[in-house]
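See below for the structure under consideration.
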Amino acid sequence: MKALLIVEDDAALGEGLRIALQAPETELCLCRSLSAARDALKSREFDLMLLDVNLPDGSGLDFVRKLRQEGKTGLPVILLTANDTELDIVAGLESGADDYVTKPFSLAVLRARINTQLRRGTSAEGRVEMDGFSFDFDRMEFRRDGQPVDLSKTEQRLLRLLVENRGQTLSRGQLLDRVWPDGAEFVDENALSVTIRRLRAKLEPDPSRPRYLKTVYGIGYSWNLPN
């Protein structure tokens, strides 16, 4: 059973989402304000949150930032908004959200995005230690030089893919297909660039001169250990 939290102040849209996403294996909770969403998050655990950006009692972007600062990095967040410029999308992803869907949207696309976020990758290499890094992907615990690092679900999937193929270059297409497997055709390539930038900010000593997460220009990215 998967528990989904929908935070949407438009009564008709919120109810429509609740009905459309209802399924025997899914439990849904609909909130129409950030205050109600905070109470819901205190009362139980959720597997995913659909969050409107503009709510009567505050900004969804600020809400996501606060959640991430409080350590709630394991909760995937998909933003719902009518703002569809590149700057809006970048702002949404950099706030800590895992995905971004603009209104109006297709329910098929939304379901694909939700399935992508709910999917948990599996691999034998659950724990990796190297060059001051400790990555435990199964426990979702990450450290750099002994200090904890908070990563979103999307950042975890991307990092795991790069680390498990360290020394190899993975193309942008490969990364999009495997990090967003159920909805890669609907994902703007900018989402990958933003996620790479966020990983570098959290893991690289100097994000402007990456030592580990390297760009292979014209192809994609690789995780390398410096000589």
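The values are calculated or read from the model by the stated rules, or taken from the named source; none is laboratory data. Bear in mind that the values here come from a model prediction, so they are computed numbers and not experimental data. Because the Cβ atoms are built from the backbone with ideal geometry, glycine has one as well, and the counts that use them run over all protein chains shown. Accessible surface areas use protein heavy atoms only, side chains included; no ligands, DNA or RNA. Shrake-Rupley method; radii C 1.70, N 1.55, O 1.52, S 1.80 Å.
Of all the numbered requirements in (1) in contact (Cβ under 8 Å) with a residue 60 or more places away in the chain; (2) of a type outside the set (Asp, Glu); (3) surrounded by 20 or more Cβ atoms within 10 Å (Cβ to Cβ), GLY74 misses one, and that requirement is (3). The residue that is nearest to ASP62 (Cα to Cα), among those in region 101-125 that are open to solvent by less than 20 Å² (accessible area, probe 1.4 Å) and modelled with pLDDT of 85 or more, is VAL101. For MET130, the conditions (1) more than 29 Å from ILE6 (Cβ to Cβ); (2) in contact with a Leu (Cβ under 7 Å, 6 or more places away or on another chain); (3) at pLDDT 90 or above all hold with the exception of (3).
Taking every residue in region 1-12 that is free of Cβ contacts under 8 Å to residues at least 12 places away in the same chain and pairing it with any residue that is open to solvent by 10 Å² or more (accessible area, probe 1.4 Å) and of a type in the set (Asp, Glu), at least 6 positions away or on another chain, yields no pair with a Cβ-Cβ distance below 6 Å. When the residues of region 2-20 are filtered to those that are in contact with a strand residue (DSSP E or B) (Cβ under 6 Å, 6 or more places away or on another chain) and open to solvent by 20 Å² or more (accessible area, probe 1.4 Å), the one that is nearest to GLY58 (Cα to Cα) is ASP9.
With the requirement that a residue be loosely packed, with under 14 Cβ neighbours inside 10 Å and either among the polar types (S, T, N, Q) or touching a residue at least 40 places away in the same chain (Cβ under 8 Å) (or both), what does region 203-215 give you?
To start, the set of residues in region 203-215 that are loosely packed, with under 14 Cβ neighbours inside 10 Å comprises 205-206, 208-209.
SER208, the sole residue that qualifies.
The set of residues from region 60-89 being hydrophobic (A, V, I, L, M, F, W, C) and touching a strand residue (DSSP E or B) at 6+ places or on another chain (Cβ under 9 Å) comprises LEU61, PHE63, VAL64, LEU67, LEU75, VAL77, ILE78, LEU79, LEU80, ALA82, ILE89. Filtering region 147-182 to residues that are open to solvent by 40 Å² or more (accessible area, probe 1.4 Å) and either within 16 Å of the chain's Cα centre (by Cα) or modelled with pLDDT of 90 or more (or both) leaves GLN147, PRO148, ASP150, ARG157, ASP177, ARG178, PRO181, ASP182. Inside region 68-88, residues that are of a type in the set (A, V, I, L, M), under 13 Å from the mean Cα position of the chain (by Cα) and assigned to a helix (DSSP H, G or I) make up a count of 0. Residues in region 126-144 that are loosely packed, with under 13 Cβ neighbours inside 10 Å and outside any loop (DSSP other than H, G, I, E, B): 3 in all. Residues in region 42-67 that are in a helix (DSSP H, G or I), surrounded by fewer than 18 Cβ atoms within 10 Å (Cβ to Cβ) and touching a Leu at 6+ places or on another chain (Cβ under 9 Å): ASP62 only. Restricting attention to region 17-46 and to residues that are under 19 Å from GLY74 (Cβ atoms) and either of a type in the set (Asp, Glu) or in contact with a Gly (Cβ under 7 Å, 6 or more places away or on another chain) (or both), the residue that is modelled with the lowest pLDDT turns out to be GLU45.
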